[in-house]
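The values are calculated or read from the model by the stated rules, or taken from the named source; none is laboratory data. Owing to the predicted nature of the structure, the values given are computational and were not obtained by experimental measurement. Note that we place each Cβ from the backbone using ideal geometry, even for glycine, and neighbour counts take in every protein chain shown. Keep in mind that these areas ignore ligands, DNA and RNA; they rest on the heavy atoms of the full protein, side chains included. Shrake-Rupley method; radii C 1.70, N 1.55, O 1.52, S 1.80 Å.
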Amino acid sequence: MTLSKIGAAVTLDNIDAVFNWLCEQDRPIEIQDFTLPNILSGDLSGLVSRYQEKLQAHKGPRGLHGPFFGLDLGNLETAFQKLITARLLSALEICEHMNAQYMVIHSPFNDWIKLNQWQYPFVQSGVISSMGDILKVPLQRAADIGCTLVLENCDDTDPDMRMRAVREIDHFNLQLSVDTGHAHLSHCNYKAPSVVDFIAAAENRLAHVHLQDVDGYADRHWLPGEGAISWQPVMDALQKSESAPKLIIEVRKNIGRVPKTAAFLERLIETM
């Protein structure tokens with residue numbers, strides 16, 4: 001599989017550091033200003049307008065990181081499910097204004113669910129059922145605006161759980177995402193499979209990848225090459241993917257180094 005061009009996750013505060021580079025080759029942009037708690041409750045028209053003006057020069061793919069703080073997609077309480085659905089619909093309205101082709105959402109699965117699937121057999125199936133209920137209307141809305149929801153691993157230790165959820169919900173606009181740093185943290189702390197196994201397990205449902213490095217202790221979001229992940233095997237695994245996922249470097253600091261990091265990762269592809 002030929003990999004797509006590597007892009008970057010940005011906010012309006014740091015986009016200028018990489019904007020020209022992103023536009024030169026129509027690289028993907030992922031907007032991350034709308035993830036903070038309660039931000040979707042306020043008036044965002046000014047922020048959206050500034051982005052719309054800024055992005056007129058950008059012709060590449062575009063995505064949005066959806067809200068996730070406190071929004072458990074597997075929440076078994078129906079009263080809370082309605083609130084989570086409403087938040088996702090608000091985020092999809094932003095996606096429509098931004099012409100976003102995908103929106104990142106966070107997986108509800110964790111090691112407790114994996115270890116206790118026989119002790120509490122109703123939990124895993126209940127989580128998937130709850131996901132289906134929470135996402136039913138957002139997926140309809142996403143389909144209407146040409147947007148795909150990509151389910152990212154967070155505390156997941158069994159990548160098959162997300163795949164089972166995606167298959168059971170069975171909607172074209174729900175696909176999988178892999179965050180390399182999250183996967184490596186689970187591998188180091190919970191004996192989960194390695195990053196390359198998370199990529200392989202996503203099969204042809206892998207639509208999006210967050211490329212970030214960690215030390216194995218915390219969710220650092222360092223530039224690839226600055227932490228403990230072995231990047232040649234990761235890029236090899238992505239090259240073997242059955243799909244063509246959007247590749248996004250997602251870092252918290254030193255975003256100005258992203259173009260050099262992307263070149264480093266792209267050289268790893270060329271050495272195959």
| note | Among Arg267, Arg164, the single one that is touching a helix residue (DSSP H, G or I) at 6+ places or on another chain (Cβ under 8 Å), of a type in the set (Lys, Arg) and assigned to a helix (DSSP H, G or I) is Arg164
| field | Qualifying residues in the stretch 144-160 (those that are assigned to a helix (DSSP H, G or I) and touching a helix residue (DSSP H, G or I) at 6+ places or on another chain (Cβ under 7 Å)) - the one surrounded by the most Cβ atoms within 10 Å (Cβ to Cβ) | value | Pro159
| Arg141 being in contact with a Leu (Cβ under 6 Å, 6 or more places away or on another chain) and assigned to a helix (DSSP H, G or I) | yes
| message | Need pairs with beta-carbon distance below 6 Å; first residue free of Cβ contacts under 8 Å to residues at least 12 places away in the same chain and farther than 21 Å from Ser90 by Cα and within the stretch 49-65, second in a helix (DSSP H, G or I) and open to solvent by 60 Å² or more (accessible area, probe 1.4 Å); sequence gap 6+ or separate chains. | response | none
| message | Given the options Leu71, Leu64, Leu89, name the one that is within 16 Å of Phe34 (Cβ to Cβ), touching a Lys or Arg at 6+ places or on another chain (Cβ under 8 Å), surrounded by 17 or more Cβ atoms within 10 Å (Cβ to Cβ) and of a type outside the set (S, T, N, Q). | response | Leu71
| Out of Ile94, Ile113, which single residue is open to solvent by less than 20 Å² (accessible area, probe 1.4 Å), at pLDDT 95 or above, part of a helix (DSSP H, G or I) and farther than 22 Å from Val166 by Cβ? | Ile94
| task | Inspect the stretch 170-179 for any residue being assigned to a strand (DSSP E or B) and open to solvent by 10 Å² or more (accessible area, probe 1.4 Å) and give the result as yes or no. | result | yes
| message | Any residue in the stretch 118-129 that is under 17 Å from Glu77 (Cβ atoms) and of a type outside the set (A, V, I, L, M, F, W, C) sitting within a Cβ distance under 7 Å of a residue that is modelled with pLDDT of 95 or more and not in a helix (DSSP H, G or I)? List the pairs, counting only those 6 or more apart or interchain. | response | Gly126/Leu76
| Qualifying positions in the stretch 23-72 - under 26 Å from Cys154 (Cβ atoms) and not in a loop (DSSP other than H, G, I, E, B) | Ile29, Glu30, Ile31, Ile39, Leu40, Ser41, Leu47, Tyr51, Arg62, Gly63, Leu64, His65
